[in-house]
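The structure appears below as structure tokens.
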Amino acid sequence: MKNRRLPIVLLLVTIMFASSCKTKPGDVASLYNKKADSIIKLMTLDEKIGQVSLFTSDMSLTGPTMRNDYIDLIRQGKVGAVFNAYTVDFVRNLQKIAVEETRLHIPLIFGYDVIHGHRTIFPINLGQAASWDTAMIEKSERIAAIEATAEGLNWVFAPMVDIARDPRWGRVMEGAGEDTFLGSLISAARVRGFQGSSLSDNNTVLACVKHFAAYGAPQGGRDYHVVDMSERSLYEWYLPPYQAAVDAGVGSVMTSFNEIAGVPATSNRWLLTDLLRDDWKFDGFIVTDYSSLNELIPHGVASDLSQASELAMNAGVDMDMQGSAFLTQLTDLVKSGKVSEETLDNAVRRILVAKYKLGLFDDPYKYCDKKREAEEIMTPEHRSFAREFVAKSCVLLKNNNTLPVPKSARTIAVIGPLADSKMDMLGFWFGAGQFDKAVTLVEGIKNKVGSTVNLLTAKGCNVNDNDLSGINQAVSTAKKADFIILALGENFMMSGEAASRTDISLPGVQMELAEAIIRTGKPVAVVLFNGRPLAIPKLDKMAPAILETWFGGTEAGNGIADVLFGDVNPSGKITMTFPLNVGQIPIFYNSKNTGRPINRENPYEKFKSNYLDSPNTPLYPFGYGLSYTTFSYSDIKLNKQSFGGTEQIIASVEVKNTGDRDGEEIVQLYIRDLIGDVTRPVKELKGFMKVLIRKGETASISFTIYPKDLSYYHQDMSYSYDPGDFELFIGTNSTDNKKTEFSIID
Ligand code: BGC
């Protein structure tokens, strides 16, 4: 593949993204480069190889291998960074060995998977994205960085920005969903939150955008599987969120496990050097994923570890995570000239510069502050923000006048395998989160209602087995209640890494439990816990109300209770399509029309692009989510009908809160380019605005975009817009919206 330029994140939305504090940690780079070079001059080959080697400690394990001798390796100067090591004493001990017992006293970097919070755990990332609130997302990473640095860390393996259109893939829980525009804004927000205004502060961390690249598109949704897509799809849909992180100044990049068009990311010189370094001007360091360097052998592009190391380093990898490959192979490779010493020096320089930026050479124990550790973790402020974030991430999927729980309900039954499960509240990648500190749904409801309500509980069944024996008892509990809250979904291990599923309906016998409870005829609200979109058409048909809560983290139960009881009006909208069935996958909103689009009046018409046995439409479309109030949209007004190439296109609507409570609405703008040089999606998100509208009031919303925001990759891969006709949609989700048209005349 050739080098291409990428779009800058496209749209200017009035109000929303006014403030973007760009960090430019590269400003002092030349000074640090010089300092690093002065150290490199003193280094032996072994010491250089040490700097490009990263090992896990034995404190926790996030992959298949571990070296018991990692401490000896540190002592021998053979380690540049350590991961899965935190808490001040633990980190200080390891750092002490590096700076006091090695010849050059070079400090270690300490990394960890701080994915949705460090100790105070926030909702899983897919849930956070459902808030569409980039300011909240940024703040959550700021808090995560404060807590992580208070426990010795200075590097996080986040943000994960892989666009994903296949909910079978378990790692969709870590990302922002299926949309590139939203995903790019969230990516940049996360980098800003982690890295703050300066990496030299003691509460900011070096971020690591991952997994580069296109890890979110494995065939069949099976983790680690092959990725094969057109160059256009890669540029248009998958690459922009990584580039947004680079533009926001991200300090490091992690390669992905997958191959792209036949070349594994970890040995992909086009990806790591031509694109990332040369085109995007990325100046931080590149680390492999967990032994992804060694995996070049089973991938079948290297016959042994030596060749794998040669390929990876020459492709642009600077640091080997846990592979012991650079450690064991680089000496010979450099001596034989297969890897030049200059290439190794470049890698070492990038890592040393990161250490300078973090201030580790000034004070290697900078992040080892017992006072901070005692005072800055899980503070009441962090927890109260987490609670607020839980409520903002909840998505009301259905509501037949059932929620909020009526004040008249005197006896409430909380039923289901996820009603009181601390283990399942944090979600996968819970970092240093503690299960025992997590608030379950039952606890959250108790905290909310105190003794004013008689609370009954029953488990009914397990999450994922065939045992029906608890259902009768759950039904008799339900019969005693005025209102039932039914907590269903996946356990936390059913999404995340190496957690792909071919069946994404409710696992086990939970649907049987749901049917039995709903058949009591009592008012029932289902509360869903899950790390991916689920295919739940039957539940949708039967249940009077469904609230999607993802895995909310430490404050899950409290935040959900705030929504259930109406203290917070839900405003989240899903950022990944919920399919009707697995057979529809991949199903996403910005699809193509095809030459034989479905006939909406006759969806099963022969010789159209449809199925014999399923509609094309999903259960819930991208951008969907209800509120306890209702909103009505006026027709769209444009400032003009046709525009010159540099003119502003201003689209306005009036959104009225027509219900009886105040509510937040996420107003969404989509555009369709009707005729292109290549086929264009039926709709693309180009802007959104989250607004609080008081009951009875009307908000005037306007979006400003420019023709250049409608650019795309042409047949020759040039990136520009075409004059011509466009459709513009504004509405409450990707399918329910008002429509108008405009044209661009030059
Ligand atoms: C995951 C990465 C993670 C790394 C270190 C890998 O298995 O793919 O996302 O950062 O482990 O824990």
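The accessible surface of region 43-368, taken with every protein chain in place and a 1.4 Å probe, is 45 percent carbon and sulfur.
Within region 43-368, antiparallel bridges make up roughly 10 percent of the DSSP beta bridges whose residues both belong there. Between Leu456 and Ile412, Ala413, Val414, the built amide H atoms are under 5 Å apart, and every one of these is 5 or more places off in sequence or on another chain. For region 275-364, trypsin sites (Lys or Arg not before Pro) are listed when DSSP marks them as loop and at most 12 other Cβ atoms sit within 10 Å of their Cβ; the list is Lys281. Computed from phi, the 3J(HN,Hα) profile of region 417-431 under the Karplus parametrisation 6.51, -1.76, 1.60 (θ = phi - 60°) reads x, 10, 5, 9, 10, 4, 3, 9, 7, 7, x, 4, 6, 8, x Hz, with x in place of Gly and Pro. Sequence-ordered 3J(HN,Hα) estimates for region 249-256 from the Karplus curve with 6.51, -1.76 and 1.60 and θ = phi - 60° stand at x, 4, x, 8, 10, 10, 6, 9 Hz, glycine and proline given as x. Measure nothing fancy, just the Cα-based angle from helix 341-357's long axis to the longest principal axis of the chain, in degrees from 0 to 90, nearest 10. Once rounded, the angle reads 60 degrees. Of the trypsin sites (Lys or Arg not before Pro) found in region 98-181, those in coil by DSSP whose Cβ has at most 16 other Cβ atoms within 10 Å are Arg103.
Here the sum of -39500 (n - 2.57) over DSSP H runs of 4 or more residues, divided by the residues of the chain, equals -7500 deg cm²/dmol at 222 nm, to the nearest 500.
Taking the Cα centre of the chain as reference, the dipole from Cβ charges on Lys and Arg (+1) and Asp and Glu (-1) amounts to some 1240 debye. Quick check: pseudo-label points 7 Å beyond the Cα along Cα→Cβ at Lys41 and Gln715, how many nm apart are they? For Lys41 paired with Gln715, the spin-label model returns 5.7 nm. Positive-end ranking of Leu94, Phe385, Ser309 along the dipole of the chain, with charges on Cβ about the Cα centre, is headed by Phe385. Between the residues Asn581, Gly557, Leu534, the greatest Cα displacement towards the positive end of the dipole of region 531-589, with unit charges on the Cβ of Lys, Arg, Asp and Glu, is found for Asn581. Converting phi to 3J(HN,Hα) with the Karplus coefficients 6.51, -1.76 and 1.60 and the offset θ = phi - 60°, region 167-184 yields x, 5, 6, x, 7, 4, 5, 8, x, 9, x, 9, 9, 6, 5, 5, x, 6 Hz in sequence order, with x at every glycine or proline. Residue separation of Arg600 and Ser197 scaled by 0.36 nm, minus their Cα-Cα distance, works out to 140.0 nm of gained length.
Look at the dipole of the chain built from charges on Cβ: of Pro723, Ala188, Ile518, the Cα furthest out on the positive end belongs to Ile518.
Relative contact order of region 525-609, taken over Cα pairs closer than 8 Å and 6 or more residues apart, is 25 percent.
If the segment from Glu512 to Asn68 were pulled out straight at 0.36 nm per residue, it would be longer than the present Cα-Cα gap by 155.1 nm. Classify region 209-298: rounded, prolate or oblate, from the alpha-carbon gyration tensor (a ≥ b ≥ c, eigenvalue square roots; a/c under 1.5 rounded; otherwise prolate if a/b is larger than b/c)? Since a/c reaches 1.5 but b/c is at least a/b, the shape of region 209-298 is classed as oblate. Taking the Cβ of Gly460 as the center, what net charge do the other residues with Cβ under 11 Å away carry, scoring Lys and Arg +1 and Asp and Glu -1? With Lys, Arg at +1 and Asp, Glu at -1, the neighbours total -1. At a probe radius of 1.4 angstrom, the accessible area of the chain per residue rounds to 35 square angstrom. What is the set of long-range amide H partners of Ser495 at a cut-off below 5 Å, with H atoms built 1.01 Å from backbone N? Here nothing satisfies the definition. When peptides 303-310, 604-611 are sorted by average Cβ neighbour count within 10 Å, with the highest value leading, the order is 303-310, 604-611. For region 629-744, the relative contact order is 32 percent, taking Cα pairs closer than 8 Å that sit 6 or more residues apart in sequence and dividing their mean separation by the residue count. Only beta bridges with both residues in the chain are counted; by DSSP, about 55 percent of them are antiparallel.
Dipole size of region 43-368 about its Cα centre, with +1 on Lys/Arg Cβ and -1 on Asp/Glu Cβ: approximately 400 debye, rounded to the nearest 20. Dividing the mean sequence gap of close Cα pairs (under 8 Å, 6+ apart) by how many residues region 374-582 holds gives a relative contact order of 35 percent. When only the Cβ of Lys, Arg, Asp and Glu is charged (+1, +1, -1, -1), the dipole of region 629-744 relative to its Cα centre reaches about 300 debye.
The DSSP beta bridges internal to region 374-582 are antiparallel in roughly 15% of cases.
For Asp662, the residues whose amide H sits under 5 Å from its own are Lys695, ignoring neighbours fewer than 5 places away on the same chain, with H placed 1.01 Å from N. Which of the three applies to region 629-744, rounded, prolate or oblate, going by the alpha-carbon gyration tensor with a ≥ b ≥ c and a/c under 1.5 meaning rounded? Verdict is prolate for region 629-744.
The trypsin sites (Lys or Arg not before Pro) of region 416-519 meeting both criteria, a DSSP state outside H, G, I, E and B (loop) and at most 14 other C-beta atoms within 10 angstrom of the site's C-beta, are Lys480, Arg519.
The values are calculated or read from the model by the stated rules, or taken from the named source; none is laboratory data. Quantities reported herein were computed from a predicted structural model and do not represent experimental measurements. Note: ideal-geometry Cβ built from the backbone for every residue, glycine included; neighbour counts use all protein chains shown. We work out accessible area using only protein heavy atoms, side chains counted, and drop any ligands, DNA or RNA first. Shrake-Rupley method; radii C 1.70, N 1.55, O 1.52, S 1.80 Å.
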